[in-house]
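Below is one structure, written out as structure tokens; the observations come after it.
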Amino acid sequence: MLEEVVGKLKNCSKVVVLTGAGISAESGVPTFRGKEGLWGKFKPEQLASMDAFMSNPKIVWEWYNWRRELIAKVRPNAGHVALVNLENMIDEFTLVTQNVDNLHFLAGSKSILELHGNIYRNKCMDCSALYEDEGDINPERIPTCSLCNGKIRPDIVWFGEMLDSDIINRAFLKAEEAELFFVVGTSALVHPAATLPIVAQQHGAILVEINVERTALSDIVDFHFEGKSGQFLPKLVELLKEQIST
Ligand code: OAD
């Protein structure tokens with residue numbers, strides 16, 4: 001079945017890959033949902049929302065510092081690396097990620113649209129001025145914006161917030177143009193990210209899902225591969241290399 005997908009991929013010039021927390025699971029980054037998921041242990045509305053930050057910014061920063069420390073210790077895995085290789089073989093390749101862990105950049109992917117922000121970036125809670133490479137934030141003394149004095153927060157899309165309109169619009173445009181659309185390691189429950197594959201399919205793309213379990217999308221995809229992205233993606237790239245060279 002993977003051979004069939006590769007046979008189609010070989011003839012595609014416009015390919016989009018949507019990734020979720022599952023692609024980083026093999027690196028050691030916890031996913032959000034499922035048995036071991038972060039949202040099983042913590043309440044998102046108490047940590048990842050503007051209300052939480054307004055009422056208890058200290059706890060919100062402690063949580064993001066903890067996640068930053070965890071992410072700083074991990075490395076991209078074979079799945080991330082396979083997507084770098086895939087990008088090099090496809091004319092118009094776009095990687096759309098819901099992940100904020102920076103691992104696609106670290107692996108070497110170039111054409112990335114980060115839908116939910118990046119854990120290493122900060123911004124002002126009031127005027128949204130960006131603060132990059134600020135180093136550690138002391139939750140007891142949260143720095144403020146040099147322009148408007150607003151508190152500095154992580155540049156991550158929190159619950160109830162809109163996505164950056166430029167980024168999500170570009171993602172939808174790429175989804176509409178895609179000939180083949182991969183959905184990798186996402187529960188496909190969070191919108192608008194989860195709408196992208198549906199839009200791609202409506203515009204004629206072949207949908208391919210890689211996940212360790214079935215998801216909200218599994219019934220509508222053209223191909224569902226049940227297993228780890230760190231195993232399937234390198235195999236896919238190897239097969240594509242073989243087919244291109246024959
Ligand atoms: P979820 O935690 O909802 O889903 C992770 C998916 O990865 C599940 O479907 C797992 O079955 C699958 N999975 C786990 N290990 C895998 C592996 N090795 N290979 C392939 N699949 C694997 O994470 P997301 O779908 O990314 O939002 O969640 C979407 C958004 O919800 C996140 O971006 C985050 C969260 O609230 C924000 O932070 C704004």
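Figures for the structure shown
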quantity: Hits in the range 185-224 - residues which are more than 7 Å from the ligand (Cβ to nearest atom), within 21 Å of residue 160 (Cβ to Cβ) and hydroxyl-bearing (Ser, Thr, Tyr); calculated: 195
quantity: Some residue of the range 105-128 being closer than 28 Å to residue 15 by Cβ, among the β-branched types (Val, Ile, Thr) and in contact with an Asp or Glu (Cβ under 7 Å, 6 or more places away or on another chain); calculated: yes
quantity: Residue match in the range 173-189 (condition: under 17 Å from residue 24 (Cα atoms), surrounded by fewer than 19 Cβ atoms within 10 Å (Cβ to Cβ), in the same structural domain as residue 99 (by TED's automatic domain parsing) and touching a helix residue (DSSP H, G or I) at 6+ places or on another chain (Cβ under 7 Å)); calculated: no
quantity: Matching option when the condition is at pLDDT 95 or above, within 20 Å of residue 187 (Cβ to Cβ) and either not basic (Lys, Arg) or not assigned by TED's automatic domain parsing to the domain that holds residue 225 (or both), among 111, 27, 13; calculated: 27
quantity: Residue count, the range 206-246 (criterion: under 24 Å from residue 107 (Cβ atoms), of a type in the set (Gly, Ala, Ser) and surrounded by 13 or more Cβ atoms within 10 Å (Cβ to Cβ)); calculated: 2
quantity: Some residue of the range 52-64 being near the ligand (Cβ under 10 Å from one of its atoms), outside any loop (DSSP other than H, G, I, E, B) and among the aromatic types (Phe, Trp, Tyr); calculated: no
quantity: Failed criterion for residue 68 (all others in (1) surrounded by fewer than 23 Cβ atoms within 10 Å (Cβ to Cβ); (2) of a type outside the set (Asp, Glu); (3) within 28 Å of residue 169 (Cβ to Cβ) hold); calculated: (3)
quantity: Residue pairs meeting the criteria (Cβ under 9 Å; at least 6 apart or on separate chains; first within 18 Å of residue 21 (Cα to Cα), in the range 212-229; second among the aromatic types (Phe, Trp, Tyr) and near the ligand (Cβ under 9 Å from one of its atoms)); calculated: 225/232
quantity: Selected residue (only one of 116, 104 is closer than 19 Å to residue 53 by Cβ, buried (at least 20 other Cβ atoms within 10 Å of the Cβ) and within 16 Å of the ligand (Cβ to nearest atom)); calculated: 116
quantity: Residue check for residue 168: under 28 Å from residue 50 (Cβ atoms) and either loosely packed, with under 13 Cβ neighbours inside 10 Å or under 16 Å from the mean Cα position of the chain (by Cα) (or both); calculated: yes
quantity: Filter result for the condition that a residue is touching a residue at least 60 places away in the same chain (Cβ under 8 Å) and either surrounded by fewer than 17 Cβ atoms within 10 Å (Cβ to Cβ) or in contact with a strand residue (DSSP E or B) (Cβ under 6 Å, 6 or more places away or on another chain) (or both), over 50, 54; calculated: 50
quantity: Residue pairs meeting the criteria (Cβ under 7 Å; at least 6 apart or on separate chains; first at negative phi and in contact (Cβ under 8 Å) with a residue 24 or more places away in the chain, in the range 185-210; second among the basic types (Lys, Arg) and more than 8 Å from the ligand (Cβ to nearest atom)); calculated: 206/8
quantity: Residue list for the range 73-89, filter: part of a loop (DSSP other than H, G, I, E, B) and either within 14 Å of the ligand (Cβ to nearest atom) or crowded, with 21+ Cβ neighbours inside 10 Å (or both); calculated: 74, 76, 77
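The values are calculated or read from the model by the stated rules, or taken from the named source; none is laboratory data. Since we're looking at a predicted model, the values are computed, not measured. Backbone-built Cβ (ideal geometry, glycine too); neighbour counts: all protein chains shown.
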